[in-house]
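Worksheet: the structure to be examined is printed underneath.
Throughout, read-outs are computed from the coordinates displayed, never taken from laboratory work. Everything quoted here is computed from the prediction, not taken from an experiment. When we count neighbours, we look across all protein chains shown, and the Cβ atoms used for this are built from the backbone with ideal geometry, even at glycine.
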Amino acid sequence: MNILFTHIKELLQTRPKSEVKVMGDSMKDLPHIKNAFLRIQGDTILDFGSMADVVIQETDEVIDVTGRIILPSWCDSHSHVVYAGDRSQEFVDRLNGLSYEDIAAKGGGILNSAQTLQATSEEALFEQSMERVNALIQLGTGALEIKSGYGLSPEAELKMLRVIKAIKGTSSLKIKATFLGAHAIPKLYKTDKQAYIDLIINTMLPEIHRENLADFVDVFCEKGYFSVDDTEQILKAAMPYGLVPKIHVNQFNAFGGVGLGVKYKALSVDHLEILNQEDIDVLKNSNTIPVALPGCSFFLGIPYTPARKLIDSGMALALASDYNPGSSPSGNMNFVVSLACIKMNMTPEEAINAATLNGAYAMDISEEYGSITTGKKANLIITKNMTSYRQIPYHFGNNPIHKVMINGEFVN
Ligand code: NIG
Ligand code: FE
């Protein structure tokens, strides 16, 4: 099937294949073509350019999109979309004055989600999660990383990862799986954290490898969770299995997690709400991409990742949703892009770069996703009529999307 879009008001993020991420000042540029055409062949982008150069012959379907913008689908590189139940009671507890940390200290938070997940069957977990994934597609997400981490036992972590694998096999979305066994210390191991780390290393990692269930490894490196030493043990043990780190660091405290991530060649370091100069210096001299999660800052009322500092010192930055039941119960990347502009002072161009190509880089898929490039997958957002792409972040909370295409097919 050969589809030709014509009269595209603005075709955004048109780049050569060689550009796999955007850094520093270059993030201010969002290459685009006004009054453009775009040709799709099967699931792939075949050609694009100015309407002045379009050739209509040998086209199965011509779609005139006058007034609409086309951009690559959002690439959401950090989510916990596989979970059971919800934590709306804790949300209300926070509104009544408890902090996220207070709730966790009382045995709620991640442990609460783990208890619910352990009691949920694999089938029910798949169903609940798939419903969220399908909703994300309608919101323009075309590639999604999903973490385990609400199992916290070998059986339940494997159950989560098998559900992620089933989503990978069922959904048209591009999915990457991350093993986050070290998300919290389970109740059973409260007084012997090392025994839980040993369980991760000696039981979970080998089985995950045997069943080929994960692409990446993650650790919640934070006070009260896993120390830099704990994190290092796990990253080291995951290395022989080829699991590249993507780690939770600096959400509440900065104590060397960023440096450790860089030392272990992490693909990304995520959160970074609290960031010191040492972290910035070490990141700057690495290929590790920082990932900001403004939905989490918004929902918990914690600081936003200092995007200006990171970008102005020459770094790349990616934006992701962190979709999870505790700190960011929304996976709406349109809103994430708005928040990045409104609360982190990113320009629309920077935010769109961060949520497309840089998001793809943070999942190691930017050779195939994240830009309008010949040979890349035809994962597209076709917007409602709008005067410019600036309206995407400007109309915060509104849905800018008319239609989405995944692998060359419209999804409705
Ligand atoms: O990225 N910070 C650690 N993990 C998640 C939140 C987990 C939860 O509260 O359920 C996050 O914010
Ligand atoms: Fe997270």
### Message
Using Stokes-Einstein with the Kirkwood hydrodynamic radius over Cα pairs, what translational diffusion coefficient do you get for the stretch 1-52 at 25 °C and a viscosity of 0.890 mPa s, in µm²/s rounded to a whole number?
### Response
202
### Message
What does the C-alpha gyration tensor say about the overall shape of the stretch 241-320? Classify as rounded when a/c is under 1.5, otherwise prolate if a/b is larger than b/c, or oblate.
### Response
prolate
### Query
Computed over the Cα atoms of the chain, what is the ratio Rg over Rh, Rh following Kirkwood?
0.97
### Message
Can you give me the C-alpha center-to-center distance between the stretch 214-265 and the stretch 22-80, rounded to a whole angstrom?
### Response
36
### Task
Go through the stretch 400-412 residue by residue and turn each phi into a ³J(HN,Hα) via Karplus (6.51, -1.76, 1.60, θ = phi - 60°); whole Hz please, and just put x for glycine and proline.
x, 9, 8, 8, 10, 10, 10, 6, x, 10, 5, 10, 10
### Task
Can you check what the net charge comes to around Q41, using other residues whose Cβ is under 13 Å from the Cβ of Q41 (Lys, Arg +1; Asp, Glu -1)?
-3
### Task
Using only Cα atoms, tell me the angle between helix 333-344 and the longest principal axis of the chain; keep it within 0 to 90° and round to the nearest 10.
80
## Note on the structure
Measuring from the longest principal axis of the C-alpha atoms of the chain, the long axis of helix 154-170 (C-alpha) lies at a number of degrees, nearest 10, equal to 10
### Net charge dipole size for the chain [Lys, Arg +1 and Asp, Glu -1 on Cβ; Debye, nearest 20]
400
### Message
Please report the net charge: other residues with Cβ closer than 14 Å to the Cβ of Q57, K and R +1, D and E -1.
### Response
-4
### Task
Can you tell me the relative contact order of the chain? Whole percent, Cα pairs under 8 Å, sequence separation 6 or more.
22
### Query
Tilt of helix 228-238 relative to the longest C-alpha principal axis of the chain, in degrees (0 to 90, nearest 10)?
70
### Task
Provide E367, E131 in ascending order of the number of other Cβ atoms located within 10 Å of each residue's Cβ, fewest first.
E131, E367
## Note on the structure
Here, the stretch 108-261 modelled as identical Cα point scatterers in vacuum has Debye log10 I(q)/I(0) at q = 0.17 Å⁻¹ of -0.99
### Message
Let me check I've understood the local charge: for P154, count other residues with C-beta under 15 angstrom from its C-beta, Lys and Arg +1, Asp and Glu -1. What total comes out?
### Response
-3
### Query
Taking K265 as the anchor, which lysines have their alpha carbon closer than 24 Å to its alpha carbon, excluding any fewer than eight residues away along the same chain?
K17, K21, K147, K174, K176, K223, K236, K246, K284, K309
### Task
Pull up all non-local amide H partners of S321: gap of 5 or more, or a different chain, and H-to-H distance under 5 Å with H placed in the peptide plane.
S77, H78
